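Scroll down for the structure; my scribbles are underneath it.
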Amino acid sequence: MHDAQPPAPEFPGRDSHAADAQTDRRRRRVLGSGDANPRLAAAQYVARHRLEPFYRALGGLAIAVFGGEATVVPHLRQDGRYRRLVFVVDAASAEASIDYAAFLPLEQAFWTAYAHVPKPDVPLMVAVRPARGWCRTEALAPFFVHLATPDDAT
């Protein structure tokens, strides 16, 4: 497979080699080894591991809790030799950007309902991105999310 990249535009005062190295690191982190299309790779991973029912259930849950604008998108992450699937639930809640405290009950309702969804026997993560303006990389960060208790949220 060929990983040809168009040359990066030259900006005054920027080191083009440092920019290439940063782009290369980012590509390795998001894509697997040799994957040219990350969406296709994620879709193939979902199909290969028979995760479509879980994917549909997660999408239905997201819409039921967050509303019709909510979406779920699978992302395949490469961490060393291991691949991990991350389902990013985009709540698409404009209010979350303004008043996150008002969004918290919805997120807690989502996680409570998610606890009752049968989980597949494949390593995966689920992350909630409250609003479309929030950074995608935050949702894809490889860390475990602390779910706040009602005492923590107040």
Leaving out ligands, DNA and RNA but keeping every protein chain, what accessible area does T112 have, in Å² rounded to the nearest 10, with a 1.4 Å probe? 90
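Roughly speaking, what is the stretch gain from Y82 to Y100, that is 0.36 nm per residue apart minus the C-alpha to C-alpha distance, in nm to one decimal? Provide the component values of the computation, followed by the final result.
Values: separation 18, 0.36 × 18 = 6.48 nm, distance 3.36 nm.
Length gained between Y82 and Y100: 3.1 nm.
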Ignoring ligands, DNA and RNA, how do I63, I98 rank by accessible area with a 1.4 Å probe, largest first? I98, I63
When a/c is below 1.5 the answer is rounded, else prolate if a/b is larger than b/c, else oblate, so apply that to segment 78-131 with a ≥ b ≥ c taken from the square roots of the Cα gyration tensor eigenvalues. oblate
Where E52, E107, E69 fall by accessible area, highest first, once all protein chains stay in place (1.4 Å): E69, E52, E107
By accessible area of protein heavy atoms, probe 1.4 Å, what ranking do H49, H116 get, highest first? H116, H49
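The values are calculated or read from the model by the stated rules, or taken from the named source; none is laboratory data. As the structure is a prediction and not an experimental result, all values here were calculated from the model. Please note that ligands, DNA and RNA were not included when accessible areas were found on the heavy atoms of the full protein model with its side chains. Shrake-Rupley method; radii C 1.70, N 1.55, O 1.52, S 1.80 Å.
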